[in-house]
Structures are given as C-alpha cells and as structure tokens.
Amino acid sequence: MPLQLQQNLNLLFLLMLGSLTANVTLFWGDIMFIMLFTLLIEHLLLYFNKRRSFYFSYSALSTAIGLMLLLYSASLWIYFVVLSLALLQKHFLTFRDKHLFNPSNFALIMALLFFYDEAHIITGQLGDDLLFTLLVCVLALSLLVRVKRLLIPVVFLFSYLFFQYFLVVLFEPTVLFEEIYHRLYMITFMLFIYFMLTDPAVTPSSIKGQIVFALSIALFSTLLDRFYGFRVQHLFMVVFFFSFWVNILALKRLSTQEIKFVMIILFLIVGCLAYIQYQTPYYFEMNG
C-alpha cells in the first residue's frame, strides 16, 4: 500500500470514529464538501504544474482531514481559502523541487495569520479516551516504522516533558505537571506529533538530524510557553519555522539567487509568526 494512501485511510478512519464518539465540530456534509474541494484544487494544480506528473493525490485528502481535525471555524469558506494556499505553496513555493512546509501546518498558520478572530486551533475534537488513544498509537506506529521517523516522536515526547517541567512548571506555581502530560493524552495533540511532526518531506532522514529536530521543536515551543504563557499555537508555529530549514540545511552550497530567496522567505516567516504571537490569546473550551 502506498504510504500516502495508508496515512489517508488512517486519518479518515479516525475522523469517522471521532465524528461518532467525540466532538468533531463539522457535519459530514461539510466534511465531504471540503474533501471534494481539496481534490479539485489539487488536481487542477497538478494539471497546470508541468514539473510534476499527474496522479491521484492521496496526500491532499490527508491535508484536508488534518486541517479539519485541528482547526475550528464557523465559516466554511475559510477552510477553502487556507487549503488552497497550502496546496499552492506545495506546488510552487519549493526549493529545488522540495517542500518547505507541511501543507496542513501551513494551512493552520495561514488561518491564524489572515483569520485570527474567525479560525482557531483546537486539540480537543477527538477527546482523550484511552482506547481511542491506543488505537491512534497503533496506527501511527505502523506508519512511522515504514517512513523511518519513529525516533522523532520518542525524542520529542521525553524532551517536551523534560523542558516543560524544568522551564515552566518550576517557575510557574499555577501550572501543574499533570496539566502538561495530560496534553499527551489528547488524541488530536497526538495526531500532531505522529502525523505532522514526522512528515518525511520536511523532516531530517538522518538519526542525528531527527534528534536535533525533535529537541528543537520541544525546546523552543517550551520557551514560548515559558515567556508568553501556554498557547496551543506555539507548537505549530515552531514546526512552521524549523521545517523550513530541513531541506535547505541539507544542501552543501547555495547560489546567490537561492540565498536571496531563503532570506526573503525567512523574513516573511518571522513577520508572520511575530504577528500571530502578538495577537490577543484566545481560550476555547470543548464540553460534552
């Protein structure tokens, strides 16, 4: 089975199960509409992008499902806009024909950048049921072993707990360590770790690179929590920043034009993340 199809089926199964047993906010009619729209845009881009051969894109559906599980908006058109931006960057914002960003992560950041008051990242849609959590782990492991990215979530989980305890809990008496590790039981948070944090296209393939990447995500997201208070967007912002460097730092030499390109994109990234960070925090609670 192709890797993208396996990931697609895993996410679709979790979405269906979540819609039946948890708090998925979208109706199935809206879900189908978003997925069909995503397929249409993706295959139009494949048709016009002469650098890539035409094929059925399972990854586009995974992008749409990942976004629906992590983003809440009352306006359906916002999903269409940010998904279109994510697919456009996948095809045309590349570096030597390689991705710079995970499409789902890019869509989430664009939602925060352009629609901060109308679209919010949430991690409670799938709840924290233990059996559901174990199922996610099994599905994730079956995929991570195939793509050789199992080391990233393992290093991230232990380092994230370590940094959160010594850099946040010990300095902030109102934060309990139980609150920190409870995040790891949130199924949507786990999906971020297993399916977005480990995207083979924008994560290192070497063991050393994977360790450094996972440690960097854990450390810098914790530092943002330490100085600005916990905000669910911090992890996604840090992944957005560090994934940009993966395919660039793997190259030994850059041309002058490539250096200019990198500096322009880096300037836009920093400006985008700074703008999002200095917005008023929002608090979204899911009950029921």
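The values are calculated or read from the model by the stated rules, or taken from the named source; none is laboratory data. What you see is a predicted model; the values in this text were computed from it and never measured. Ideal geometry is used to build each Cβ from the backbone, glycine not excepted, and the neighbour counts take in all protein chains shown. Accessible surface areas use protein heavy atoms only, side chains included; no ligands, DNA or RNA. Shrake-Rupley method; radii C 1.70, N 1.55, O 1.52, S 1.80 Å.
Just a few scattered comments:
- Considering 213, 158, 261, 163, the condition of being within 29 Å of residue 281 (Cα to Cα), open to solvent by 50 Å² or more (accessible area, probe 1.4 Å), at pLDDT 90 or above and in a helix (DSSP H, G or I) is satisfied by 158 alone.
- Leading residue by the ranking (nearest to residue 199 (Cα to Cα)) among those in the range 126-155 that are of a type in the set (D, E, K, R) and outside any helix (DSSP H, G or I): 149
- Of all residue pairs spaced 6 or more apart or on separate chains, those with beta-carbon atoms under 9 Å, a first member in the range 255-283 that is farther than 19 Å from residue 97 by Cβ and in contact (Cβ under 8 Å) with a residue 60 or more places away in the chain and a second member that is open to solvent by 80 Å² or more (accessible area, probe 1.4 Å) and of a type outside the set (Lys, Arg) are 279/117; 282/117.
- Applying the condition of being modelled with pLDDT of 85 or more and acidic (Asp, Glu) to the range 95-138 and asking which residue is farthest from residue 80 (Cα to Cα) yields 117.
- Any hit, the range 56-63, residues being among the hydrophobic types (A, V, I, L, M, F, W, C) and assigned to a helix (DSSP H, G or I): yes
- One residue from 123, 63 being in contact with a Pro (Cβ under 7 Å, 6 or more places away or on another chain) and under 19 Å from residue 192 (Cβ atoms): 63
- Any hit, the range 29-50, residues being modelled with pLDDT under 85, open to solvent by 40 Å² or more (accessible area, probe 1.4 Å) and of a type outside the set (Phe, Trp, Tyr): yes
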